[in-house]
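The structure appears below as structure tokens.
The values are calculated or read from the model by the stated rules, or taken from the named source; none is laboratory data. Bear in mind the structure is a predicted one, so any value in this text is a computation, not a measurement. Here the Cβ is made from the backbone with ideal geometry for all residues, glycine too, and neighbour counts use every protein chain on show. Note: areas computed on protein heavy atoms with side chains; ligands, DNA, RNA excluded. Shrake-Rupley method; radii C 1.70, N 1.55, O 1.52, S 1.80 Å.
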Amino acid sequence: MVVLLLAAPWLVRRGLSTGAVLGALVYVTTSLQPALHALVQGLGGGGLRYAVTLERILRTCPPPARRDRAATPGADPQGDTPAVRLSNLTFRYGPGARPILADFSMTLPEGEHLAVVGPSGTGKSTLAGLVAGLIEPERGTVHLAGRPVAALGRTDLAALRVLVPQEAYVFTGSLADNLRYLSPDADDTAVETALARLGADALARRLGGLAATVDPTTLSAGERQLVAAVRAYLAPAPLVILDEATCHLDPTLEATVESAFARRPGTLVVIAHRISSAVRARRVLVFDEDGPLDGSHQELLVRSPGYRDLVGHWDGVSAAGGADRVAAPRG
């Protein structure tokens, strides 16, 4: 447009009419400029998404040398070995970013039921990713059943833990194939028992039974989460991590699912979507303003203002350490 304006006097002297110059300006401003703007914006946005996606793929795919080291992942787990041991973990999303976790340590014994709560963006899902071995800490170590996650191959890691994310994956195929994805040797009795314990038997009947073909596009978000939950329940891994994996279920069905996992042999970590998940857990980790703090539900009502805020407990904590009044959870 600038070039056209600067060249306009020269073009008029060469015989081009004023109307033609004006028409060219209108064409540039109404057609060519928006098209070029859209092209540049599309290339910039697409290039940025490509770069971010490529960086995440490279981060989650270890180099060949690392997979070679996974052939000797570490000592076999012992009976008194904690299910999860986090030692001095530090993690941040970039060199200049504020640490999500800073020198964080925690030990979960075998059979523990932990709920992780806190405001959005405080690091709950990051913690789940670190425990599951999906992301690497800047410093510190993660051990599952006494074995360092950093030295485990994907097969060994999958045998120790199963992570159910918020967006559940269901593929086109039979319902039985979806449910047996992590436990192909599970028989029909085991599958039907799992469906009943997690309150998913009604969904199975509606779909037409285990042999029925599942079309993921016809399932609601909650139904997909229910299928993924049963799949994880059947998995042989002793550690289950539910990362807001029941957020699309109604509170009653969510309680049924979490109670079933709590009775399942092994260790359960719930990244909580509702504060009721923390009330059901034996141990709670809250991401408070002063950093992570753990304890029982009643202990944190006394020790953590942030936790009291989450459960709607604004006042009424007695000096003796009890709660005089606890407001109804906010969902």
>> Looking at the chain, identify the longest residue range that excludes and avoids all GluC sites (Glu not before Pro) in DSSP loops having at most 16 other Cβ atoms within 10 Å.
In response: 1-137
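Cα convex hull of segment 97-183: how many Å³ per residue?
147 Å³
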> Thinking of segment 155-246 as a set of Cα atoms, what percent of all their pairs are more than 17 Å apart?
Replying inline: 44 percent
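Can you give the % of DSSP beta bridges in the chain that are antiparallel, to the nearest 5? Can you show the working numbers first?
Values: 20 of 37 bridges.
The antiparallel fraction comes to roughly 55 percent.
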> Using heavy-atom solvent-accessible surface (probe 1.4 Å) with all chains present, what is the largest-first order of HIS37, HIS248, HIS143?
Replying inline: HIS37, HIS248, HIS143
> Which whole-number percent gives the relative contact order of the chain, counting Cα pairs below 8 Å spaced six or more residues apart?
Replying inline: 17 percent
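Run through the DSSP bridge list for segment 210-297 and note the antiparallel percent, rounded to the nearest 5.
Working: 5 of 10 bridges.
About 50 percent, rounded to the nearest 5.
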> Carbon and sulfur: what percent of segment 128-211's accessible surface (1.4 Å probe)?
Replying inline: 53 percent
>> With every protein chain left in place and a probe of 1.4 Å, what is the accessible surface of SER17, to the nearest 10 Å²?
In response: 70 Å²
>> Could you compute Rg(Cα) / (2.2 N^0.38 Å) for the chain, with N its residue count?
In response: 1.37
>> So, R0 is 25 Å and r is the distance between the beta-carbons of SER120 and ARG49; what FRET efficiency does that work out to, to 0.05?
In response: 0.65
> Can you give the accessible area of LEU152 in Å² (nearest 10), computed on protein heavy atoms with a 1.4 Å probe?
Replying inline: 10 Å²
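Identify the chymotrypsin sites (Phe, Trp or Tyr not before Pro) of segment 139-229 meeting these criteria: DSSP loop state and at most 15 other C-beta atoms within 10 Å of the C-beta.
Numbers: sites: TYR169, PHE171, TYR181; in loops: TYR169, PHE171, TYR181.
Answer by residue number: TYR169, PHE171.
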>> Show me the trypsin sites (Lys or Arg not before Pro) within segment 198-230 that DSSP assigns to loop and that have at most 12 other Cβ atoms within 10 Å of their Cβ.
In response: none
> Is segment 212-256 rounded, prolate or oblate when judged by the Cα gyration tensor, a ≥ b ≥ c being the square roots of its eigenvalues, rounded requiring a/c under 1.5 and prolate requiring a/b larger than b/c?
Replying inline: oblate
> Each residue of segment 297-311 in order: what ³J(HN,Hα) in whole Hz does its phi give by Karplus 6.51 cos²θ - 1.76 cosθ + 1.60, θ = phi - 60°, with x for Gly and Pro?
Replying inline: 4, 5, 5, 6, 4, 8, 8, 10, x, x, 5, 4, 5, 4, 8
